[in-house]
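Scroll down for the structure; my scribbles are underneath it.
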Amino acid sequence: MKKINVGIVNYGMGNIRSIENSLLHLGCKFKILNKPDKIFDYSHLILPGVGSFKRAIQNLKIEGLYEALQESVNKKGINLLGICLGMQLLCKSSSEGGFTRGLSLIKNKVETFTKKEVGNKKIPHVGFNQVKIEKNSSLFKNINNNSDFYFDHSFKVLQDKELKNFQTCEYGAKFIASFEKDNIFGTQFHPEKSQSNGLTLIYNFLNN
């Protein structure tokens, strides 16, 4: 693996320990970032997340991480991976708990699964599910089509015509399971909980 320096963005709502374990397994150096002052020192950033979109955005703003993340991606060209809620935070907005504007690094919006979509299935969508690799993807290098990844979410990222490179999953309806756009990456699933497939995906992100 090439020399990299990873910062895990901690805003009080992420599954930090599992990500730490994955990075340790890959032999990767990392730091937990609670404040924005050194965020530009890293080659790669990981934005995890579990819980409420609105609360997450509030926490990022309180800690000064909101603008720092935008600048790190848009001006510094740092690679950023959003995981689960972290992926949703990269979007323009979410309807969770009322309209909330996201980091707006991509123009997609976030909406809940509906009973009409999922039928007899339960909300949230929890457990392993297959990801269909629909585009040539650096994240999914050496990962077979329809491989299983671990999901746990009630909200999904809607498709937008400007987002070209994304992979999908089905849970009643088709939804975006992951995407990549320049130096911005997102996974709705938890790669850090997805065994060997997840480790391969994290490795691929670190080598972008």
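The values are calculated or read from the model by the stated rules, or taken from the named source; none is laboratory data. Predicted, not measured: the structure shown is a model, and the values here were computed from it. Cβ: placed from backbone, ideal geometry, glycine included. Neighbour counts: every protein chain shown. The protein model used for the area step is the full one, side chains on, heavy atoms only, and it has no ligands, DNA or RNA in it. Shrake-Rupley method; radii C 1.70, N 1.55, O 1.52, S 1.80 Å.
Which of the residues that make up region 108-138 are in contact (Cβ under 8 Å) with a residue 40 or more places away in the chain, open to solvent by 60 Å² or more (accessible area, probe 1.4 Å) and either touching a Lys or Arg at 6+ places or on another chain (Cβ under 8 Å) or assigned to a loop (DSSP other than H, G, I, E, B) (or both)? Within region 108-138, Lys109, Glu111, Lys121 qualify. In the set Asp160, Asp148, Asp152, only one residue is within 15 Å of the chain's Cα centre (by Cα) and either surrounded by fewer than 22 Cβ atoms within 10 Å (Cβ to Cβ) or of a type in the set (D, E, K, R) (or both); that residue is Asp152. Scanning region 1-47 for residues that are touching a Cys at 6+ places or on another chain (Cβ under 7 Å) and at pLDDT 95 or above yields one hit, Val6.
Filtering region 37-53 down to residues that are crowded, with 18+ Cβ neighbours inside 10 Å and β-branched (Val, Ile, Thr), which residue is nearest to Asn15 (Cα to Cα)? Step by step, filter region 37-53, then rank; the result is Ile46.
Per-residue answers, yes or no, for (1) modelled with pLDDT of 95 or more; (2) in contact with a helix residue (DSSP H, G or I) (Cβ under 9 Å, 6 or more places away or on another chain):
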| residue | (1), (2) |
| --- | --- |
| Gly86 | yes, yes |
| Gly98 | no, yes |
| Leu103 | yes, yes |
| Lys107 | yes, no |
| Gly119 | no, no |
| His125 | yes, yes |
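Out of the residues in region 163-176 that are part of a loop (DSSP other than H, G, I, E, B) and over 17 Å from Leu201 (Cβ atoms), which is most open to solvent (accessible area, probe 1.4 Å)? For region 163-176, the residue satisfying everything is Lys164. Going by the conditions given, is Ser154 touching a helix residue (DSSP H, G or I) at 6+ places or on another chain (Cβ under 7 Å) and at pLDDT 95 or above? So Ser154 fails the test. When region 15-36 is filtered for residues that are open to solvent by 70 Å² or more (accessible area, probe 1.4 Å) and of a type in the set (A, V, I, L, M), only Leu24 remains. Return the only residue of Ala56, Ala68 being open to solvent by less than 30 Å² (accessible area, probe 1.4 Å), among the small types (Gly, Ala, Ser), farther than 26 Å from Asn207 by Cα and part of a helix (DSSP H, G or I). That would be Ala56, the only listed residue that is open to solvent by less than 30 Å² (accessible area, probe 1.4 Å), among the small types (Gly, Ala, Ser), farther than 26 Å from Asn207 by Cα and part of a helix (DSSP H, G or I). So in region 71-82, with the set limited to residues that are out of contact with any helix residue (DSSP H, G or I) (no Cβ under 7 Å at 6 or more places or on another chain) and either hydroxyl-bearing (Ser, Thr, Tyr) or assigned to a helix (DSSP H, G or I) (or both), which one is nearest to Phe205 (Cα to Cα)? Residue satisfying both the conditions and the ranking: Val73. Does Ile202 fit the bill of being among the β-branched types (Val, Ile, Thr), in contact with a helix residue (DSSP H, G or I) (Cβ under 8 Å, 6 or more places away or on another chain) and not in a loop (DSSP other than H, G, I, E, B)? So Ile202 passes the test.
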